[in-house]
Amino acid sequence: MKPYLLSLILLLPTLAAGATDPNRLQQAFISEMATRHGFDAQALSRLLGQAKVRQSILKAIARPAEKRLDWGQYRKIFLTRERIRGGLRYWRDNAEVLARAERQYGVPPEIIVAIIGVETRYGQHTGRYRVLDALTTLGFHYPPRAAFFRSELREFLLLAREEDVDPTALLSSYAGAMGKPQFIPSSFRAYAVDFDGDGRRDIWKDDADVIGSVANYFARHGWRRGEPVTQRVQGVDTSLQAVIDRGYKPHTTVGRLRGAGVRLARPLPDDLPAALLALHDGERTEHWLALNNFYVITRYNHSPLYAMAVFQLADALRRLHDRKRP
């Protein structure tokens with residue numbers, strides 16, 4: 001065997017160990033932040049030294065609700081009387097800002113309110129972990145997605161510097177999602193807006209910024225003003241299983257699905273892009289059209305259960321809000 005090949009073989013275990021060793025990963029991260037983004041390496045080392053590795057975070061990320069629950073179980077969490085009442089109050093208290101967001105971004109108030117309701121129950125549950133602890137734990141101690149969470153830690157440190165906030169003071173979910181709309185740091189930097197013009201982007205306490213940021217997120221991800229989100233359908237049989245298996249991103253049209261026997265409750269244009277969704281509720285299966293705006297909701301959380309919960313909460317809010325109008 002050639003000497004350089006032998007050396008490489010002997011080096012491979014060391015390289016593999018370094019690829020997952022938290023201390024080596026952290027040192028490499030600090031060096032990158034110093035070199036590419038101008039951070040002081042010693043100060044950053046001291047900051048990361050204050051972070052605490054939380055086993056409860058590692059346990060939580062291994063059991064996301066979207067993978068454990070069927071649609072019936074998931075729906076019961078979010079379609080509650082309390083959450084609907086809270087949404088109506090939030091809509092009433094922020095009606096002017098919600099109307100302005102709809103004019104500017106094209107996103108209906110009920111969708112914005114439902115997102116905030118599903119995410120944090122209108123700000124009541126914004127997270128109990130420090131962002132620094134969450135992203136350090138997952139970025140250096142959770143190999144399946146460590147690279148992603150290290151990138152979010154980088155975005156968070158840049159965010160803290162840009163917004164002039166203390167990185168040890170901000171709280172988040174176990175996955176580093178922040179504030180009333182639960183933006184991860186990269187989403188904050190890309191989509192958060194100062195919607196009340198006070199010079200700051202505050203998604204923790206400023207409802208105008210929260211509402212404007214959610215609306216901007218949806219608009220930037222392709223929300224189409226005035227288009228429907230989804231519709232329950234009938235007439236789906238096993239011949240359409242391949243269509244369902246292709247997922248919830250629109251890949252066919254309403255016309256083609258109608259031609260295959262799908263029956264709509266309300267008419268829609270035949271050329272409207274669509275996918276076909278099957279949601280399981282115990283022993284029953286519901287079938288829904290997944291239209292463009294449904295897919296946009298899944299850009300917020302990549303789960304059709306999540307998008308359907310947002311839609312149904314929004315639908316309930318809209319109907320009750322309209323009923324209460326004088």
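The values are calculated or read from the model by the stated rules, or taken from the named source; none is laboratory data. Predicted model, so just to flag it, every value in this text is computed and none were measured. Cβ placement follows ideal geometry from the backbone for every residue including glycine, while neighbour counts extend to all protein chains displayed.
Just one of (1) hydrophobic (A, V, I, L, M, F, W, C); (2) modelled with pLDDT of 95 or more; (3) within 18 Å of residue 298 (Cβ to Cβ) fails for residue 65. It is (2). For region 19-57, which residues satisfy the criterion of being under 14 Å from residue 136 (Cα atoms), among the polar types (S, T, N, Q) and in a helix (DSSP H, G or I)? If the condition is that a residue be under 14 Å from residue 136 (Cα atoms), among the polar types (S, T, N, Q) and in a helix (DSSP H, G or I), then 20, 23, 26, 27, 45, 55, 56 are the ones that fit. Say whether the condition of being in contact with an Asp or Glu (Cβ under 6 Å, 6 or more places away or on another chain), more than 30 Å from residue 48 (Cα to Cα) and modelled with pLDDT of 95 or more is met by at least one residue in region 84-102. Yes - at least one qualifying residue is present in region 84-102.
Just one of the listed residues (318, 323, 299) is at pLDDT below 95 and surrounded by fewer than 24 Cβ atoms within 10 Å (Cβ to Cβ), namely 323.
In region 149-192, the residue that is surrounded by the most Cβ atoms within 10 Å (Cβ to Cβ) out of those that are among the hydroxyl-bearing types (Ser, Thr, Tyr) and within 19 Å of residue 137 (Cα to Cα) is 172.
Restricting attention to region 127-144, the residues that are surrounded by fewer than 24 Cβ atoms within 10 Å (Cβ to Cβ) and touching a residue at least 12 places away in the same chain (Cβ under 8 Å) add up to 9. Quick check on residue 175: is it within 18 Å of the chain's Cα centre (by Cα), farther than 27 Å from residue 103 by Cα and not in a strand (DSSP E or B)? So residue 175 fits the description; yes. For region 202-211, which positions are assigned to a loop (DSSP other than H, G, I, E, B) and either β-branched (Val, Ile, Thr) or within 12 Å of residue 178 (Cα to Cα) (or both)? 202, 203, 204, 205 - these are the residues of region 202-211 that are assigned to a loop (DSSP other than H, G, I, E, B) and either β-branched (Val, Ile, Thr) or within 12 Å of residue 178 (Cα to Cα) (or both). When region 26-49 is filtered for residues that are touching a Gly at 6+ places or on another chain (Cβ under 9 Å) and among the small types (Gly, Ala, Ser), only 28 remains.
When region 268-309 is filtered for residues that are in contact with a helix residue (DSSP H, G or I) (Cβ under 9 Å, 6 or more places away or on another chain) and part of a loop (DSSP other than H, G, I, E, B), the ones remaining, listed by number, are 268, 269, 270, 271, 272, 282, 299, 300, 301, 302, 303.
Which condition from (1) in contact with a strand residue (DSSP E or B) (Cβ under 8 Å, 6 or more places away or on another chain); (2) in a loop (DSSP other than H, G, I, E, B); (3) without any contact (Cβ under 8 Å) to a residue 60 or more places away in the chain is the one that residue 199 breaks? Every condition holds for residue 199 apart from (1). Please return the ranges of helices (runs of 4 or more DSSP H) entirely within region 81-165 where 2 or more residues are under 17 Å from the mean Cα position of the chain (by Cα) and within 22 Å of residue 298 (Cβ to Cβ). The helices (runs of 4 or more DSSP H) meeting that bar are 109-120, 146-163.
One line per residue, one yes/no per condition, for (1) more than 24 Å from residue 114 (Cα to Cα); (2) surrounded by 13 or more Cβ atoms within 10 Å (Cβ to Cβ); (3) touching a helix residue (DSSP H, G or I) at 6+ places or on another chain (Cβ under 8 Å); (4) modelled with pLDDT of 95 or more:
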position: 5; (1), (2), (3), (4): yes, no, no, no
position: 12; (1), (2), (3), (4): yes, no, no, no
position: 26; (1), (2), (3), (4): yes, yes, yes, yes
position: 42; (1), (2), (3), (4): yes, no, no, yes
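For every residue, the table says whether it meets (1) among the aliphatic types (A, V, I, L, M); (2) without any contact (Cβ under 8 Å) to a residue 60 or more places away in the chain.
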residue	(1), (2)
228	no, no
240	yes, yes
243	yes, yes
255	no, yes
267	no, yes
286	no, no
310	yes, no
317	yes, no
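Criterion first (acidic (Asp, Glu), farther than 22 Å from residue 120 by Cα and in contact with a Ser or Thr (Cβ under 7 Å, 6 or more places away or on another chain)) does residue 270 satisfy it? Yes: the conditions hold for residue 270. Can you tell me which residues in region 77-87 are of a type outside the set (Val, Ile, Thr) and more than 12 Å from residue 116 (Cα to Cα)? Within region 77-87, 79, 81, 82, 85 meet the criteria.
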